[in-house]
1. Anyone know which of Val29, Val145, Val159 comes out most mobile in the 10 Å Cα GNM of the chain?
2. Using Cα springs under 10 Å in a Gaussian network model of the chain, which residue among Val244, Val200, Val220 shows the largest mean-square fluctuation?
3. Using a Gaussian network model on the chain with a 10 Å cutoff between Cα atoms, which of Ala121, Ala176, Ala194 fluctuates the most?
4. If you put +1 on each Lys and Arg Cβ and -1 on each Asp and Glu Cβ, how big is the dipole of the chain around its Cα centre, in Debye rounded to 20?
5. Along the positive direction of the dipole of the chain (beta-carbon charges: Lys, Arg +1; Asp, Glu -1; about the Cα centre), which of Ile255, Ala102, Thr278 reaches farthest?
6. If the only charges are +1 at each Lys and Arg Cβ and -1 at each Asp and Glu Cβ, what is the size of the charge dipole of segment 100-252 around the Cα centre, to the nearest 20 debye?
7. Where q = 0.10, 0.18 Å⁻¹, what log10 of I(q)/I(0) comes from the Debye formula for segment 111-267, counting one point per Cα?
8. What whole-number distance in Å separates the alpha-carbon centres of segment 16-67 and segment 88-129?
Amino acid sequence: MRNHLFFLSTDPHASPFDVNIALDSGFDVVIPYPMVTPENTESLTHDIIFSRGPKGTSRSGIFIGGSDVALTEKIAGTVRKSMFAPFTVSTFSDPKGAYTTAAALTAKTGKAAGGLKDKRAMILGGTGPVGSLTAVLCAREGAIVTIVTSRDQVAGDRVAAELEKNYSVKIGAASASTEDERLALMKKSDIAIAAVKAGVKLMSKEALEKIESPLLIADVNATPPYGFEGLEPNDDEKQISGHVRGIGALATGAIKHKVETGIFKSMLQQKITAGLDTAYELAKTLV
Ligand SMILES: NC(=O)c1ccc[n+]([C@@H]2O[C@H](COP(=O)([O-])OP(=O)(O)OC[C@H]3O[C@@H](n4cnc5c(N)ncnc54)[C@H](OP(=O)(O)O)[C@@H]3O)[C@@H](O)[C@H]2O)c1
């Protein structure tokens, strides 16, 4: 019996990134279902779990992805509620790669910082999927977290309030649209994480040289130009300027890849329900 992964996506296209990793991790075939909604999830799930008999359930898995984190979680919840013994299969949700990326980024940053408790962590792009989940994980570890938006304060406050409500963590918000504004926030931080849209340069080397106290920076953007000038994708705790050391996108990406691969492999070994927490627990063992 072959290993089937059913990829339910909220988007018009299921991400080839996840398809490749699933196939490389041991699934024989990945079947994409685009534009999945909470309304059509139950019938899709039933068609997946009943068609191969109880034995086939350990050879079938469901991956739930897409750009919309809240919608993906809603669909994942419906998938889980639609299954009952012995017709249950492994599930894994990772909207836009945000769970595995935030898990890897937080684990890497936490290790490099010697722990996150009471550290002042600012997250540029903290309103997006990767940044907001990184904010949640950092806050759970006891960091004092501020998400930073390039829009106005209201936009940041709105996302921070949603995260506080949905994840029961404390998160602050700030607005910074210029390099000078970002520098002012960095001077008041121990950690500055960039999880901004790909290909956006945030800080020049000259600006980073103005930092006068120890600062750990981490960028997950692997598309040039990178967020922090002088921090290259493969850099791993590299000294960038007098007080600044940094973690580049591929140093985090390598862990993210291992986390996602590890979860896909686990889905074929036992029945699991995997999401943000699973990804973070695994990431911490890999850094
Ligand atoms: N290394 C890895 O393994 C890995 C894996 C997955 C993703 N990624 C990378 O992670 C990053 C975040 O991904 P995502 O999907 O969360 O990103 P996203 O949704 O495309 O963007 C994140 C945030 O960036 C901010 N932003 C957009 N344009 C900006 C600008 N010109 N200046 C400053 N901020 C701007 C926006 O927030 P505001 O409008 O509120 O400012 C947005 O919410 C991307 O660079 C992606 O390529 C890396």
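1. Residue with maximal mean-square fluctuation among Val29, Val145, Val159: Val29.
2. Of Val244, Val200, Val220, the Gaussian network model singles out Val200 as fluctuating most.
3. The residue that fluctuates most here is Ala176.
4. The calculation lands at about 700 debye.
5. Working it through, the farthest residue towards the positive pole turns out to be Thr278.
6. 360 debye
7. Normalising to I(0) and taking log10 leaves -0.33, -1.09.
8. 25 Å
Each value in this text was obtained by applying a stated rule to the coordinates, not by laboratory testing. From a predicted model like this one, the values you see are computed outputs, not experimental measurements. Every residue, glycine as well, gets a Cβ built from its backbone with ideal geometry; the counts of neighbours run over all protein chains shown.
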